[in-house]
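Asker: Please see the structure below; I have some questions.
The values are calculated or read from the model by the stated rules, or taken from the named source; none is laboratory data. Keep in mind it's a predicted model, so treat the numbers as computed, not measured. A quick note on method: Cβ atoms are made from the backbone with ideal geometry, for glycine too, and the neighbour counts reach across all protein chains shown.
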Amino acid sequence: MAPALNTVPFVSVEHMMRLVLAIGVERFLTELADFIAADFRRWESFDKTPRLAAHSVDGVIELMPTSDGTTYGFKYVNGHPKNIRSGRQTVAAFGVLADVGHGYPVLLTEMTILTALRTAATSALAAQYLAPPRARTMALIGNGAQAEFQALAFKALLGIDRLRLYDIDPAATAKCLRNLAGLGFTLQPCASIAAAVEGAEIVTTVTADKQNATILTDNLVGAGIHINGVGGDCPGKTELHPDVLRRCEIVVEYAPQTRIEGEIQQLPFDHPVTELWQVIAGRAPGRRDARQVTLFDSVGFAVEDFSALRYLRERLGTYPFFTELDLLADPDEPRDLFGMLLRAQARAAA
């Protein structure tokens with residue numbers, strides 16, 4: 001039976017959690033990374049534009065669209081660091097996937113959880129090309145909502161099993177320690193950023209404050225490490241001292257967006273960077289030697305959300321965790337939309 005033209009599969013937060021747990025978090029992250037890599041290898045087939053952002057003193061609301069000519073996807077997402085004080089998420093999102101041929105959406109889904117997963121999957125995917133071979137230890141600076149996802153992605157894709165944790169809020173580190181206990185890590189809470197970075201082969205910075213911060217300074221960055229810079233993701237919000245950037249081989253998702261929002265907003269607009277798709281597609285090298293300092297300047301890009309939506313839709317064929325949402329008007333005669341209202345009025349009066 002053909003699906004009803006008025007309904008769209010809707011994945012709620014409850015459905016998303018059931019799906020992730022049914023698949024398994026690490027398997028989900030690994031499979032999602034494969035979908036992202038596949039789409040990055042066909043990067044040139046996508047429409048690309050920096051996300052559309054509405055900034056305010058409180059935060060930012062963004063739309064992130066893209067299309068490969070056959071399927072269209074977009075995500076609505078906010079970033080409001082102060083939300084934590086009112087019990088709200090600092091980031092919340094939903095997304096839509098649509099068929100370019102007829103324009104109807106084919107999927108509507110929560111993306112707060114899915115964004116956390118795709119961000120972590122992209123980080124670990126980049127690190128497969130940029131991190132030191134056989135790295136085992138990661139410093140995790142910022143232990144908020146994204147931290148556990150990053151840890152599990154790096155474990156699943158790179159085998160990271162030793163974590164050094166630091167956050168300015170000890171309660172965040174305590175939360176992270178509780179959540180990651182028993183998941184295959186050696187966990188070490190640290191009293192400072194310097195202590196966390198000591199001995200780490202990978203350093204992930206994932207803080208939330210909407211300001212220019214200095215999480216890493218040049219004296220903390222030793223030869224050969226890989227930096228996964230996640231927290232600097234909008235104008236005026238950075239985590240790394242410019243001296244660190246000048247030492248790094250920098251890889252970004254989409255340079256026109258990252259130059260506005262990422263760590264490299266602190267550098268001249270023509271500072272050389274490499275886009276991640278070029279590395280994944282074999283058009284540019286990843287890590288070249290043992291002493292090289294690499295940086296993945298991650299801000300998130302619409303193609304990654306497209307990949308996540310595509311992955312989710314495929315998995316719903318096996319795991320039907322969704323409801324059919326009556327979202328689209330479907331009159332008996334496509335040109336008679338007003339008549340649909342009249343017939344509804346007649347039914348109500350009967």
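Asker: Filter region 56-79 for residues that are free of Cβ contacts under 8 Å to residues at least 40 places away in the same chain and either over 27 Å from PRO320 (Cβ atoms) or not in a strand (DSSP E or B) (or both) and give the result.
Answerer: Matches in region 56-79: SER56, VAL57, ASP58, ILE61, GLU62, LEU63, GLY69, THR70, ASN78.
Asker: Continuing with the same structure: Within region 62-92, which residues are surrounded by fewer than 20 Cβ atoms within 10 Å (Cβ to Cβ), closer than 28 Å to ARG42 by Cα and among the hydrophobic types (A, V, I, L, M, F, W, C)?
Answerer: LEU63
Asker: Restricting to region 1-22, give me the number of residues that are among the small types (Gly, Ala, Ser) and at pLDDT 95 or above.
Answerer: Residues in region 1-22 being among the small types (Gly, Ala, Ser) and at pLDDT 95 or above: 2 in total.
Residues checked against (1) touching a residue at least 40 places away in the same chain (Cβ under 8 Å); (2) more than 24 Å from ALA33 (Cα to Cα); (3) surrounded by fewer than 19 Cβ atoms within 10 Å (Cβ to Cβ):
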site	(1), (2), (3)
PRO235	yes, yes, yes
HIS241	no, yes, no
GLU253	yes, no, no
GLY262	no, no, no
ALA284	no, no, yes
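The rows are residues; the columns are (1) closer than 19 Å to ALA124 by Cα; (2) touching a His at 6+ places or on another chain (Cβ under 7 Å); (3) assigned by TED's automatic domain parsing to the domain that holds THR71.
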site: GLU263; (1), (2), (3): yes, no, no
site: PRO268; (1), (2), (3): no, no, no
site: GLY286; (1), (2), (3): yes, no, no
site: LEU295; (1), (2), (3): yes, no, no
site: LEU309; (1), (2), (3): yes, no, yes
site: THR323; (1), (2), (3): no, no, yes
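Asker: Run CYS248 past the list (1) surrounded by 16 or more Cβ atoms within 10 Å (Cβ to Cβ); (2) touching a residue at least 40 places away in the same chain (Cβ under 8 Å); (3) within 18 Å of the chain's Cα centre (by Cα) and report the number of the one that doesn't hold.
Answerer: (3) is the only condition that CYS248 fails.
Asker: I'd like to know if region 88-97 contains one or more residues that are under 30 Å from ASP332 (Cα atoms), in contact (Cβ under 8 Å) with a residue 12 or more places away in the chain and among the β-branched types (Val, Ile, Thr).
Answerer: Scanning region 88-97, I find at least one residue that is under 30 Å from ASP332 (Cα atoms), in contact (Cβ under 8 Å) with a residue 12 or more places away in the chain and among the β-branched types (Val, Ile, Thr), so the answer is yes.
Asker: Could you grab the pairs with beta carbons closer than 9 Å, sequence gap of 6+ or different chains, first residue in region 169-186 and of a type outside the set (Gly, Ala, Ser), second one surrounded by 12 or more Cβ atoms within 10 Å (Cβ to Cβ) and at pLDDT below 95?
Answerer: Close Cβ pairs (under 9 Å, with a partner that is surrounded by 12 or more Cβ atoms within 10 Å (Cβ to Cβ) and at pLDDT below 95) amount to ASP169/GLY144; LYS175/GLY144; CYS176/GLY144.
Asker: Next up: Tell me which of these ARG42 doesn't satisfy, since it passes every other one: (1) free of Cβ contacts under 8 Å to residues at least 24 places away in the same chain; (2) loosely packed, with under 14 Cβ neighbours inside 10 Å; (3) under 26 Å from ARG259 (Cβ atoms).
Answerer: The one condition ARG42 does not meet is (1).
Asker: Hey, can you tell me all the residues within region 236-263 that are assigned to a helix (DSSP H, G or I) and either closer than 18 Å to ALA53 by Cα or touching a Cys at 6+ places or on another chain (Cβ under 9 Å) (or both)? Break it down stepwise before answering.
Answerer: Taking region 236-263 first, the residues assigned to a helix (DSSP H, G or I) are 242-247, 255-261, 263.
Listed by number, the residues that qualify are ALA255, PRO256, GLN257, THR258, ARG259, ILE260, GLU261, GLU263.
Asker: OK, next. Is it true that some residue in region 319-328 is in a loop (DSSP other than H, G, I, E, B) and charged (D, E, K, R)?
Answerer: No, because not a single residue in region 319-328 is in a loop (DSSP other than H, G, I, E, B) and charged (D, E, K, R).
Asker: Based on what the data block shows, is ALA344 among the aliphatic types (A, V, I, L, M), under 30 Å from ASN6 (Cα atoms) and assigned to a loop (DSSP other than H, G, I, E, B)?
Answerer: Against the criterion (among the aliphatic types (A, V, I, L, M), under 30 Å from ASN6 (Cα atoms) and assigned to a loop (DSSP other than H, G, I, E, B)), ALA344 does not qualify.
Asker: Same structure, new question: What do you reckon, is VAL25 of a type outside the set (S, T, N, Q), surrounded by 15 or more Cβ atoms within 10 Å (Cβ to Cβ), in the same structural domain as LEU316 (by TED's automatic domain parsing) and at pLDDT below 95?
Answerer: no
Asker: So LYS210 passes all but one of these: (1) at pLDDT 95 or above; (2) in contact with a Lys or Arg (Cβ under 7 Å, 6 or more places away or on another chain). Which condition number does it fail?
Answerer: (1)
Asker: Among the residues of region 40-86, write down those that are closer than 30 Å to ASP169 by Cα and of a type in the set (Asp, Glu).
Answerer: Residues satisfying the conditions are ASP58, GLU62.
Asker: Also: So LEU276 passes all but one of these: (1) at pLDDT below 95; (2) of a type in the set (A, V, I, L, M, F, W, C); (3) closer than 30 Å to ARG27 by Cβ. Which condition number does it fail?
Answerer: Here LEU276 meets the rest and fails (1).
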